[in-house]
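**Student:** This is the structure I want to talk about, given as structure tokens.
No value in this document is a laboratory result; all are computed from the given coordinates. Remember, predicted model here, so these are calculated numbers, not experimental data. Note that we place each Cβ from the backbone using ideal geometry, even for glycine, and neighbour counts take in every protein chain shown.
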């Protein structure tokens, strides 16, 4: 008791001393939270998009970059096989109207919602803490709420959810979710009557959170957990007493859940069931994931952007550590509950309820672990730890420990924000920490290839396929890179593996056909190119390459059909190959017409100049032949055959004179 009284007195020394200053405490804390977020994330205003999910969700999303009115209608429409997150997509569409594809604006909006989430977390905890810890001093609860919210604002594990444009949904989810918790706590401040205004506001905030991310479906569970833990009554009695107040939120929850479920089940139910069966036999993987999340929330060192959650045996050290940590947390909460201290159960329950769904470790919807999955779950654990730290009786020690944690975590967060500057800084950091990251290898190679570092990209694509032989994106890109580098023998097995794994876009069939063309197997080339040509996403070169393959097989009728289609696409190479078709058929006049069309489309097409020169030389039009052959050498000084033809044409012209 003496220690408790000393702790109360020490806490009161740190808090406002009178009613006037207490009135300004909440605005001051909110301002400091905004300042902390601005210091950490303000520089992201100059950052770029990264090449993982940002193109799909924002920069190359036709709904986002289209008219805003259409974006509203399309965002709220259920799309089979896709999670229902209309607020997130609509938020991107509104931002596109404001700053187009300037990534800095999107980054700052993420930071804004992170600040809002931190503020609503503080406001909720400021009301909730006195009810969960009634034995605390009259003002210590304000300090606990403020420190927990500040820790959440600067925690390095939350950087991925803020500094990555594609993670906007976590800021939307948390700001709406914590606002819903705050409104509910305000609504139930008076146990004698139901405050329908705050209940409806909370239901609206819940709807906002659920329409931002399906992960918000756990929020009613947190509300009920809060009610159970702030009351000493029997659980059934508590729920009956609060049942009427649940109605607005449960109505919203039901309506939105129907929409969410429709999108998830249409077209993906079989996949979800199969994945669930696959990981249901892996309790070891589940426990490893729990150990991972618990460790990263408490000691966020060596953070990365992706961590594979491989199936491991229950007897492995990681699984045993996770099991021990889970038993320790649940056992401690149960022990505290039996002692009449239910606040521990609230903190542990918050962490576990939010974590189980967001990480998908029990649903097997994902075999990837990521730091952003702790964004909604983490505050529960932070609240428990901070409550313990504030119980340290020595004021200097308590202040020093909390200050050291904030300085350490703030510094780690500041450093981690910097690696999200662009795709290169992100993936290089990831590979420096774990080279066996196929995603990082593939994405860094993509960034380099798009930036012109084509030679450097190939080995990374190949390395990604060795790290994960079933990573279809890397297999396709490695096969395409090898094909473009003239390595058809390397391209063929990678592209065939894609098809074997069920990754069958038209581009893969097309490139496999081109690979077989390069290997001299025209029958296989024809087979795969025809397959690609019949698909809705057929590459633009498909008709051209199919025509070339038919030409090499001397199937002139089919060759002319496809080369004519390619000609109509308006590209120089199409008309050049059309000319080659007629030249091989012995019709030099039609060939020259096609090559002249090539030069009209591209006056610097050296091979067209060369071939026209050769035909003119053969038909004794030496002056024209010399002109085109000289132009060939001007464009390609090291052309292998043009000098010989040019010398012959000049001699023949001189003899003719």
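**Student:** Once the convex hull of the alpha carbons of segment 132-222 is built, what does its volume come to per residue, in cubic angstrom?
**Tutor:** On the way: hull volume 10.3 nm³, N = 91.
With only Cα atoms used, segment 132-222 gives 113 Å³ per residue.
**Student:** Output the relative contact order of the chain, whole-number percent, from Cα pairs under 8 angstrom with separation of 6+ residues. Intermediate results must be reported in sequence, preceding the final value.
**Tutor:** Working: 957 pairs, mean separation 67.9, N = 657.
Relative contact order here is 10 percent.
**Student:** Work out Dmax and Rg for segment 65-132 from the C-alpha atoms and quote the Rg first, both in angstrom.
**Tutor:** That works out to 16.5, 49 Å for Rg and Dmax.
**Student:** From a point 7 Å beyond the Cα of residue 496 in the direction of its Cβ, which residues of segment 505-549 have a backbone N at a distance under 11 Å?
**Tutor:** Zone members listed by number: 516.
**Student:** Over the Cα atoms of segment 477-590, what Rg and Dmax result, in angstrom?
**Tutor:** For segment 477-590, the Cα radius of gyration and maximum Cα-Cα distance read 14.1, 48 Å.
**Student:** While we're here: Once segment 547-627 is represented by equal point scatterers at the alpha-carbon sites, with solvent omitted, what log10 I(q)/I(0) does the Debye formula produce at q = 0.17, 0.20, 0.24, 0.26 Å⁻¹?
**Tutor:** -0.61, -0.82, -1.08, -1.19
**Student:** Using R₀ = 22 Å, calculate the FRET efficiency as 1/(1 + (r/R₀)^6) where r is the Cβ-Cβ separation of residue 332 and residue 396; round to 0.05. Walk me through the numbers on the way to the answer.
**Tutor:** Working: r = 27 Å, r/R0 = 1.25.
In this case the efficiency is close to 0.20.
**Student:** Here's a follow-up. Kirkwood hydrodynamic radius for the chain: how many Å is it when counted over pairs of different Cα atoms?
**Tutor:** Details: mean 1/r = 0.0343 Å⁻¹.
Roughly 29.1 Å, rounded to one decimal.
**Student:** Counting other beta carbons within 10 Å of each residue's own, what order do 510, 296 fall into, fewest first? Can you show the working numbers first?
**Tutor:** Working: 510 26, 296 22.
Starting with the residue having the fewest Cβ neighbours, the order is 296, 510.
**Student:** Also: Let me check the size of segment 30-418 from its C-alpha atoms; what are the radius of gyration and Dmax in Å?
**Tutor:** 20.7, 61
**Student:** Which whole-number percentage describes the relative contact order of segment 604-657, with Cα contacts under 8 Å and a sequence gap of 6 or more? Kindly include the intermediate steps, with their values, before the conclusion.
**Tutor:** Working: 54 pairs, mean separation 18.9, N = 54.
Relative contact order for segment 604-657 comes out at 35 percent.
**Student:** If you don't mind, another one. Based on DSSP H runs of at least 4 residues, each adding -39500 (n - 2.57), what is the mean residue ellipticity at 222 nm of the chain after dividing by all its residues, to the nearest 500 deg cm²/dmol? Don't skip to the end; give the middle numbers.
**Tutor:** On the way: 33 runs with 474 residues, N = 657.
Roughly -23500 deg cm²/dmol at 222 nm, from the helical runs in the chain.
**Student:** Please report the spacing between the Cα centers of segment 485-509 and segment 136-173 in Å, no decimals.
**Tutor:** Measuring centre to centre over Cα atoms gives 46 Å.
**Student:** Under the Kirkwood approximation applied to all pairs of distinct alpha-carbon atoms, what is the hydrodynamic radius of segment 604-657 in Å? Numbers along the way, then the final one.
**Tutor:** Values: mean 1/r = 0.0952 Å⁻¹.
It is 10.5 Å.
**Student:** Stick to Cα atoms and the Kirkwood definition of Rh, then tell me Rg/Rh for segment 48-168.
**Tutor:** On the way: Rg = 18.5 Å, Rh = 16.4 Å.
Rounded to two decimals, Rg/Rh equals 1.12.
**Student:** Right, something else. Sorted from fewest to most neighbouring beta carbons within 10 Å, what does the list 185, 598, 65 look like?
**Tutor:** Working: 185 21, 598 26, 65 16.
Lowest to highest Cβ neighbour count: 65, 185, 598.
**Student:** Still on this structure, please answer the following. As an exercise, use a Förster radius of 51 Å and the Cβ-Cβ distance of residue 638 and residue 24 to find the FRET efficiency, rounded to the nearest 0.05. Could the numbers behind the result be given before it?
**Tutor:** Numbers: r = 78 Å, r/R0 = 1.54.
According to the calculation, E is roughly 0.05.
**Student:** Say each of residue 414 and residue 647 gets a label point 7 Å from the Cα, pointing the same way as Cα to Cβ; how far apart are those two points in nm?
**Tutor:** Those two pseudo-labels are separated by 7.1 nm.
**Student:** Shifting gears a bit: Can you figure out the FRET efficiency of residue 585 with residue 565, using R₀ = 22 Å and their beta-carbon distance, to the nearest 0.05? Write down the numbers at each step before the final one.
**Tutor:** Numbers: r = 18 Å, r/R0 = 0.81.
Efficiency for this residue pair is about 0.80.
**Student:** Could I ask something else about it? Over segment 30-418, what is the mean sequence separation of C-alpha contacts under 8 Å (at least six apart), divided by residue count, expressed as relative contact order in percent?
**Tutor:** On the way: 566 pairs, mean separation 77.5, N = 389.
Relative contact order for segment 30-418 comes out at 20 percent.
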